[in-house]
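Have a look at the structure below before the remarks.
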Amino acid sequence: MRTQVAIIGGGPSGLLLSQLLNLAGIETVVLERQSRAHVLSRIRAGVLEQGTVDLLTRAGVGARMMREGHRHAGCVLTHDQQMIRIDFAAACGAEVMVYGQTEVTRDLHAAQDALGAQHVHGVEHVVLHDLDSASPHVSYVLDGRSHRLDCDFIAGCDGFHGVSRKSIPDSVRRDYEKVYPFGWLGVLSETPPLHEELIYASHPRGFALASMRNPMLSRYYIQVPLGDRPEDWADAAFWQEFRARMPCHLSERLVTGHAIEKSIAPLRSFVSEPMRHGALFLCGDAAHIVPPTGAKGLNLAASDVHYLSAGLVAHYRDSDSAGLEGYSVKALARVWQAMRFSWSVTTMMHRFPEHSAYDRQMQRVELMQLASSPVAQRLFAENYTGLPF
Ligand code: RFL
Ligand code: PHB
């Protein structure tokens, strides 16, 4: 089999890249390890930056998002009982869209089906070959049979645990990593959201987040120690802990219910440089991971895909390879900005086992500065709603 761009991974990065390239008349084949149903069962991101919304609209998958998504003009940070509202609209004139990653993925699948795009699910033993040459190829096994996919370029969209990044030689690759000493326990419940905006809570017992998907679907998280397992947390224990970390006047009206999904994600910051090696281009979680506190992961995947798709379209349409040449530098500049923001919000809002009373005072005054300084609010709002791409 032959294609122009082989895309490894059919998560949001791979699907969106395939969609944008197909719309521009560039052939792709998406190779995904899991079934569609499995990809759609992963409950992840919920907040889209305006740039991501615009890109999804350009990709022809904006209609349902515009109908069913919810625009948020602010969010709330709490410190014990104190509520600090960041008014995005007033601080920087921007907004975010609350629309789940599951729905984005569903919309992309439907659009790809409509275009007749090629997707192969259930692939195993994916290996990338001849990345330094002008004729790379991908080998894989499907239903016990070996296959070969020849291509011009390979897009590594296979997430943090994929094979693409690891195909870049150690002598070329530089990894930067920070592992946090806690994870987030997430619960999805068919209950009305606690508040009309997201609430990021800093509390002596640990961080908590009240998010949502729609008026009858809430997404809640609490910081938990590394090593905790979802089965260690009965629903009642989760609700008790979540309630304790929210300001009292909000906890009093929390509607609890059965957890229809419960999972734990460890928190990590990770960047792999460069994001290009020969014919291979990395996008999204394959190249970088942010702790979810800044709501940046999916949005960074979108900006990578924007830069790469523009580079590939210019290459094929105008024989102009400048975009591809500059891809890694351009994408990484934005990645590092989002890394800094995600790291700083994570550091400000969580309980760290090693923190002293002094460190906790530093967290407190940082939040107090956000409460009182329009400049600090603007900086937060600009980063949260997304730097331009
Ligand atoms: P994904 O989603 O991991 O998809 C990669 C795909 O590649 C497949 N794959 C392979 N396929 C073929 N061969 C192989 N060898 C393969 N190895 C892997 C996988 O099966 C998978 O389908 O990466 P992608 O596409 O780059 O998308 C990234 C986003 O999923 C991720 O950044 C976000 O979910 C992060 N994130 C958030 N981002 C936001 O922008 N806003 C948020 O509010 C937000 N909240 C979150 C989050 C991530 C979370 N978790 C669980 C880590 C909240 C949480 C709790
Ligand atoms: C979510 O709704 O899953 C969500 C929202 C904001 C975050 C992280 C996760 O910062």
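The values are calculated or read from the model by the stated rules, or taken from the named source; none is laboratory data. Bear in mind that the values here come from a model prediction, so they are computed numbers and not experimental data. Here Cβ is always computed from backbone atoms with ideal geometry, including for glycine, and neighbour counts include all displayed protein chains. Areas reflect the complete protein model, heavy atoms only, side chains present, ligands, DNA and RNA absent. Shrake-Rupley method; radii C 1.70, N 1.55, O 1.52, S 1.80 Å.
For the subset of the stretch 11-51 comprising residues that are within 16 Å of ligand 2 (Cβ to nearest atom) and assigned to a helix (DSSP H, G or I), which member is surrounded by the most Cβ atoms within 10 Å (Cβ to Cβ)? Explain how you work it out, then say what you get.
Taking the stretch 11-51 as the starting set, the residues that turn out to be within 16 Å of ligand 2 (Cβ to nearest atom) are 11-12, 40-50.
Checking the rest, the ones that are also assigned to a helix (DSSP H, G or I) come to 12, 40-41, 50.
Numbers: PRO12: 28, LEU40: 15, SER41: 11, GLN50: 17.
Taking the candidates together, the pick is PRO12.
If CYS92 meets every condition in (1) of a type in the set (A, V, I, L, M, F, W, C); (2) within 30 Å of HIS277 (Cα to Cα); (3) open to solvent by 20 Å² or more (accessible area, probe 1.4 Å) apart from one, which number is that one?
The single condition CYS92 does not satisfy is (2).
What single numbered condition from (1) in contact (Cβ under 8 Å) with a residue 60 or more places away in the chain; (2) within 23 Å of the chain's Cα centre (by Cα); (3) in the same structural domain as LEU282 (by TED's automatic domain parsing) fails to hold for LYS166?
Evaluating LYS166 over (1) in contact (Cβ under 8 Å) with a residue 60 or more places away in the chain; (2) within 23 Å of the chain's Cα centre (by Cα); (3) in the same structural domain as LEU282 (by TED's automatic domain parsing) leaves (1) as the failure.
One residue is enough: does the stretch 62-71 have a residue meeting the conditions within 16 Å of ligand 2 (Cβ to nearest atom) and hydrophobic (A, V, I, L, M, F, W, C)? Show your work before the answer.
So the first thing to find is which residues in the stretch 62-71 are within 16 Å of ligand 2 (Cβ to nearest atom), and the list is 65, 68-71.
Then drop every residue that is not hydrophobic (A, V, I, L, M, F, W, C), which leaves 65.
Scanning the stretch 62-71 turns up at least one residue that is within 16 Å of ligand 2 (Cβ to nearest atom) and hydrophobic (A, V, I, L, M, F, W, C).
Consider GLU196 against the criteria (1) under 15 Å from CYS75 (Cα atoms); (2) buried (at least 22 other Cβ atoms within 10 Å of the Cβ): it satisfies all of them except one. Which criterion is unmet?
Going through the list (1) under 15 Å from CYS75 (Cα atoms); (2) buried (at least 22 other Cβ atoms within 10 Å of the Cβ), GLU196 breaks only (2).
If only one of VAL120, VAL104, VAL61 is open to solvent by less than 20 Å² (accessible area, probe 1.4 Å), touching a strand residue (DSSP E or B) at 6+ places or on another chain (Cβ under 9 Å), among the β-branched types (Val, Ile, Thr) and on the phi < 0 side of the Ramachandran plot, which one is it? Write out each step before concluding.
On the way: VAL120 fails: open to solvent by less than 20 Å² (accessible area, probe 1.4 Å); VAL61 fails: touching a strand residue (DSSP E or B) at 6+ places or on another chain (Cβ under 9 Å).
None of the other options fit; the residue is VAL104.
For the stretch 190-213, which positions are within 15 Å of ligand 1 (Cβ to nearest atom) and assigned to a strand (DSSP E or B)? Steps first, answer last, please.
At the first step, the residues of the stretch 190-213 found to be within 15 Å of ligand 1 (Cβ to nearest atom) are 193, 197-200, 207-213.
Those that are within 15 Å of ligand 1 (Cβ to nearest atom) and assigned to a strand (DSSP E or B): ILE199, TYR200, ALA208, LEU209, ALA210, SER211, MET212, ARG213.
Would you mind telling me which numbered condition in (1) assigned to a helix (DSSP H, G or I); (2) open to solvent by less than 50 Å² (accessible area, probe 1.4 Å) GLN361 fails?
(2)
So for the stretch 169-178 (the condition being within 13 Å of ligand 1 (Cβ to nearest atom) and outside any loop (DSSP other than H, G, I, E, B)), does at least one residue qualify? Let's see the steps before the verdict.
Restricting attention to the stretch 169-178, the residues satisfying the condition of being within 13 Å of ligand 1 (Cβ to nearest atom) are none.
No, the stretch 169-178 contains no residue that is within 13 Å of ligand 1 (Cβ to nearest atom) and outside any loop (DSSP other than H, G, I, E, B).
So is PRO215 assigned by TED's automatic domain parsing to the domain that holds GLN240, open to solvent by 30 Å² or more (accessible area, probe 1.4 Å) and free of Cβ contacts under 8 Å to residues at least 24 places away in the same chain or not?
Yes; evaluated as a whole, the condition is true for this residue.
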